[in-house]
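The values are calculated or read from the model by the stated rules, or taken from the named source; none is laboratory data. Just so it is clear, the model here is predicted, and its values are computed rather than measured. Because the Cβ atoms are built from the backbone with ideal geometry, glycine has one as well, and the counts that use them run over all protein chains shown.
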Amino acid sequence: MPLSIISLLSFFLAAQPVFAQDASSSEDLASPTPISRSRVTSSSISTASVSVATPSGPQTVVLDYGSVLVTSIVGGSVVGGPRNDSTAAPSSASASPSSQSTSSGSLVAITGTNGNSNATATAGSRPRPSNTRPCNGHAELCNRKLSNVTMVVAHNSPFVVPHNAASNQVYPVLNQLEDGIRGLQFETHYPNATAGLSLCHTSCDLLDAGTLESYLTTVRGWLDTHPYEVIAIIMGNDNRVPPATYIEPFQNAGMLQYLYTPPKPNATLEDWPTLAQMILLNKRVVVMLDYLANQTEVPWLLDEFSYQWETPFSPTDPAFPCTAQRPSNQDDEVSRNKMYMANHNLNIDVELLGQSILIPAYTLLDEINAVSGNGSLGRNVDNCTAMWGRPPNWLLVDYYNFGNFNGSVFQAAADANGVSYNRNDCCGSAVASAAADTDIHKLAVSVFAAILSGCLLMF
């Protein structure tokens, strides 16, 4: 139910956040029995010593996990391809950057500094050493399928406008990616043919963050300089435009080279490639559209709800139920075999001039984005894992830099993945973080003042 104006006043001015109750309280939110959030790992990776000449250099990647040819990204291009296990492993090989090599049960390392240089490769027999390059920041993730990894998603990533109540983030997309965001979610609007696809929140009159093409150009620049990172772009088609409308901004931004197309529609958990495979093929971006995607027309623009489902959208329940909401009426057995996104951006439902509107729960961000505690992201991951037998693939959050410490949302994801997290990696500079903290609380007061003023006009 929408909050009354008195309740809203209490919400903004309360000294104690609603999540501050003792975790042992009888009114505590659902707290499952402690469970392990460690991901399935591979036993096929060994660090035993083998006779392998490991190349060096900033553009070398040594990755071999039985199903992908070890290769390197040379001059922006990928050298290598899928492993052909029917081919006998050579004791040594030589390859140019444009060639492909295959081996059977062996490690092959190819190196080079530019597209014209030659590269050498040597092969050894199993067991094999682990890779020398991390995938999405962790070597442990390289051999995991995309469907077996948890990543943090910036809700409405482009909506970074100071003192605008329609904003959902503090830092722009480059900061988001540098800090560890690996999912970019946002609305797209088509105000007119001249403007093209634009990034607006609800209405371009309320918040206009520019064109989709400009935003994607920035993302592509980051991908160019971070060849071992896999990301997802999850878009809302708010004006229900034809899928072909999305081709031009992606093409003009130079993104097409990075876009991954699944080998078959409606991919299940087992159908997704490993992060290493996506990196080696240099197809490191998964793009999804919530409505009107047509993969016959645009193969790389995936119909989101054919590949994953979501928990309740724009949640107002601080318990964050992990039930499947979109697509509606999907069988549980189907849901268990698909990726899923936990929407963890709490909203407050308020009544203004007879209309119900949603605003972010600004004053509760530190609790919502925390690693543990009632209503926390960590608690939500635990609840979802208990319910579905595996952690969410995507953790969608507002203002990712807030929490019980800067970067706590990434700690929650690291815990789900069973890897470590360096708390010094997030978020922005100390000065910027302090300024962001001040701005968000000013915004909370400004939003309340605006709502209160609107209500007073009624009297």
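Restricting attention to region 280-295, the residues that are under 19 Å from HIS138 (Cβ atoms), of a type outside the set (Lys, Arg) and in a loop (DSSP other than H, G, I, E, B) add up to 0.
Within region 140-161, does at least one residue satisfy the condition of being more than 30 Å from ALA267 (Cα to Cα), modelled with pLDDT under 95 and within 22 Å of the chain's Cα centre (by Cα)? Taking every residue of region 140-161 in turn, at least one turns out to be more than 30 Å from ALA267 (Cα to Cα), modelled with pLDDT under 95 and within 22 Å of the chain's Cα centre (by Cα).
Taken as a whole, the structure leaves THR268 outside the set of residues that are buried (at least 16 other Cβ atoms within 10 Å of the Cβ) and of a type in the set (S, T, N, Q).
Close contacts from region 149-170, counting a first residue that is in contact (Cβ under 8 Å) with a residue 60 or more places away in the chain and within 19 Å of HIS344 (Cβ to Cβ) and a second that is of a type in the set (Lys, Arg) and surrounded by fewer than 24 Cβ atoms within 10 Å (Cβ to Cβ), with Cβ to Cβ under 9 Å and a gap of 6+ residues or different chains, come to VAL149/ARG39; VAL149/ARG182; THR150/ARG37; THR150/ARG39; MET151/ARG182; VAL152/ARG182; VAL153/ARG182. Within the option set ASP303, ASP317, ASP290, being touching a helix residue (DSSP H, G or I) at 6+ places or on another chain (Cβ under 8 Å) and of a type outside the set (A, V, I, L, M, F, W, C) holds for one residue only, ASP290. If a residue must be crowded, with 22+ Cβ neighbours inside 10 Å and assigned to a helix (DSSP H, G or I), how many such residues does region 384-414 contain? Result for region 384-414: 7. Among the residues making up region 151-193, those that are among the hydroxyl-bearing types (Ser, Thr, Tyr) and farther than 18 Å from LEU395 by Cα are SER167, THR188, TYR190.
Just one of (1) over 15 Å from PHE186 (Cα atoms); (2) part of a helix (DSSP H, G or I); (3) not polar (S, T, N, Q) fails for VAL298. It is (2). With respect to the stated conditions, ASN374 fails to be in contact (Cβ under 8 Å) with a residue 24 or more places away in the chain and surrounded by 24 or more Cβ atoms within 10 Å (Cβ to Cβ). Across region 263-279, the qualifying residues are those that are out of contact with any Phe, Trp or Tyr (no Cβ under 7 Å at 6 or more places or on another chain) and not in a loop (DSSP other than H, G, I, E, B), and the one among them that is nearest to LEU141 (Cα to Cα) is LEU275.
Every condition in (1) more than 18 Å from MET341 (Cβ to Cβ); (2) more than 17 Å from the chain's Cα centre (by Cα); (3) modelled with pLDDT of 95 or more holds for ALA293 except the one numbered (1). Taken together, GLY210, GLY196, GLY221, GLY236 contain a single residue that is under 21 Å from PHE305 (Cβ atoms) and either out of contact with any helix residue (DSSP H, G or I) (no Cβ under 7 Å at 6 or more places or on another chain) or surrounded by 15 or more Cβ atoms within 10 Å (Cβ to Cβ) (or both), which is GLY236. Inside region 133-149, residues that are part of a loop (DSSP other than H, G, I, E, B) and of a type in the set (D, E, K, R) make up a count of 2.
With the requirement that a residue be exposed (fewer than 15 other Cβ atoms within 10 Å of the Cβ) and among the hydrophobic types (A, V, I, L, M, F, W, C), what does region 248-265 give you? The one that is exposed (fewer than 15 other Cβ atoms within 10 Å of the Cβ) and among the hydrophobic types (A, V, I, L, M, F, W, C): LEU256.
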